[in-house]
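Values in this text are rule-based calculations from the coordinates and carry no lab data. Worth saying up front: this structure is predicted, and the values here are computed from it rather than measured. Cβ placement follows ideal geometry from the backbone for every residue including glycine, while neighbour counts extend to all protein chains displayed.
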Amino acid sequence: MKIAVLTTGDEIMQGVITDQNNSWISEKCHALGHVIVWHAACADDHDAIEAMLKEAADRADCVIVTGGLGPTADDMTIEAACKAFGKKLVFSESVFKEIENFFTKLHIPMSPSNKKQAYFPEGAIALPNKIGTAPGIHVHYKKIDFFFLPGVPLEMKHIFDVSVLPWLASKTEMKIVQRTLRCFGLPEADIDHQLQEVDLEETRLSYRYIFPETLLKIVARGRDEKKLHDKVNRVAENIRKKLGNIIYGEEAAPLSAVVLALLQNAHATLSIAESCTGGWIANMLTNIPGASTVFQGGVIAYSDQIKMNLLGVKAETLQAYGAVSAEVASEMAKGIQQKLGTTFGLGTTGIAGPTGGTKEKPVGMCYIALASPSGVEVQSLSYGRDRLEFKEIVAWTALDKLRRALL
């Protein structure tokens, strides 16, 4: 099936926000074997929306539109759709009741403006929205199926998964099997070079770099789902043999979740002493539910005084080697490990920039220390670019160092 994915919104056109709904919907449709034939966006303008909808009807069998279903004056997608399709705008008492009930459950008053969200093109079907006020809409025009969804990503994804995805799945016999491998620690070009001789067995291997990791997606299309799974799995295992520990995980699990699972399996605990990363590592870990089972806590030791008072870093070490040194990183990791009584201790110290560097210790220099029951290992890193990128790459490298130690 040919699908067009459209977006409305002044914020999108002005570059205030990035349209991530478009790519998310397209990926879901592609995974079912459908073909995305057109992407388009326009401002909150009746004429522009009407023109975009009419052109989409000439290009696709199914059109999915996000945005413009809210209660405010600039939410005009449904009015424009009625004009484009030559349909009346009708009020749905049942949908209005659902909107009222939503506010009642939250114990907050409903604005009179929300009544607008209960108006639909004549003959349309309401798609339930259990987490917001704007229901989705399914309507026909010229034998084309149009789906209108809220622009709020959480609500859009909810309605899509519950109502749109099953409909799309029923419209194709083509099967698509895919598997995603997550890589860290090797540039994308080097990964590609190492995989030149891998037999892909007629699967498609795509690369996607999302700082600071590279995603490898293996995709196979056909009608025999079992054969497709077998083929994708063989290719994935061959890639794993080539890349080894560069692959840290699969599918949606982030590096922090992988590390926490390894700690749990090892019945081990972790503490962290962060200087240049400023709590980034702790944030990555605590974003994962259940982190408290293995992550005991940490210290953001930004000043030398805190390094000495809370982590036991020696004054003579700081004086002899400086705060950004392998020796200080080692004492930070060992100090937090002993203070919190954990199996592992991580320590980071570096120069995030853009100022503070010297000829001997330039911006981007960093030391990462891992204290374990067998001793302390220190790794140096140089990444003299954007300050936030520096903090993120150091945090990832620290967790990856721990991951490798747990394998």
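When only Cα pairs under 8 Å and 6 or more residues apart are kept, what is the percent relative contact order across the chain?
10
Sorted from fewest to most neighbouring beta carbons within 10 Å, what does the list Lys97, Lys116 look like?
The order, fewest Cβ neighbours first, is Lys97, Lys116.
Show which lysines lie in cross-link reach of Lys339 when reach means a straight Cα distance below 16 angstrom and same-chain residues fewer than eight apart are skipped.
Lys307, Lys314
Out of [x] 24.8; [y] 24.1; [z] 21.1, which label holds the value of Kirkwood radius over Cα pairs in Å that was computed here?
[x]
Contact order normalised by length for the range 2-169, with contacts defined as Cα pairs under 8 Å and 6 or more residues apart; what percent is it?
It rounds to 23 percent for the range 2-169.
Can you tell me the alpha carbon radius of gyration of the range 175-250 divided by the globular rule-of-thumb value 2.2 N^0.38 Å?
Taking N as the residue count of the range 175-250, the ratio is 1.06.
Got a sec to turn the phi values of the range 218-231 into Karplus ³J(HN,Hα) couplings, 6.51 cos²θ - 1.76 cosθ + 1.60 with θ = phi - 60°, whole Hz, x for Gly and Pro?
For the range 218-231, the Karplus curve yields 9, 10, 10, 10, x, 10, 9, 5, 5, 5, 5, 4, 4, 5 Hz.
Near the amide H of Thr342, under 5 Å away, which other amide H atoms are found, from residues 5 or more places off or on another chain, if H is placed in the peptide plane?
none
Computed on alpha carbon atoms, what radius of gyration and Dmax characterise the range 255-406, expressed in Å?
Over the range 255-406's Cα set, Rg and Dmax evaluate to 14.3, 44 Å.
Take the residue pairs Lys241/Lys391; Lys143/Lys226; Lys28/Lys83; Lys97/Lys142; Lys171/Lys227; Lys142/Lys171 and return only those whose Cα atoms are more than 27 Å apart.
Where the Cα-Cα span goes over 27 Å, the pairs concerned are Lys241/Lys391; Lys143/Lys226; Lys28/Lys83; Lys97/Lys142.
So what is the calculated 222 nm ellipticity per residue for the chain, using -39500 (n - 2.57) for each DSSP H run with n of 4 or more, over all residues, to the nearest 500 deg cm²/dmol?
-11500 deg cm²/dmol
Quick one: order Glu93, Glu201 by neighbouring beta-carbon count within 10 Å, fewest to most.
Listing Glu93, Glu201 from fewest to most nearby Cβ atoms yields Glu93, Glu201.
Give the cross-link partners of Lys87 among the aspartates and glutamates, using a straight C-alpha distance below 13 Å as the criterion and excluding same-chain residues fewer than 8 apart.
The reachable aspartates and glutamates, counting only those whose Cα sits under 13 Å from Lys87, are Glu50, Glu79, Glu122.
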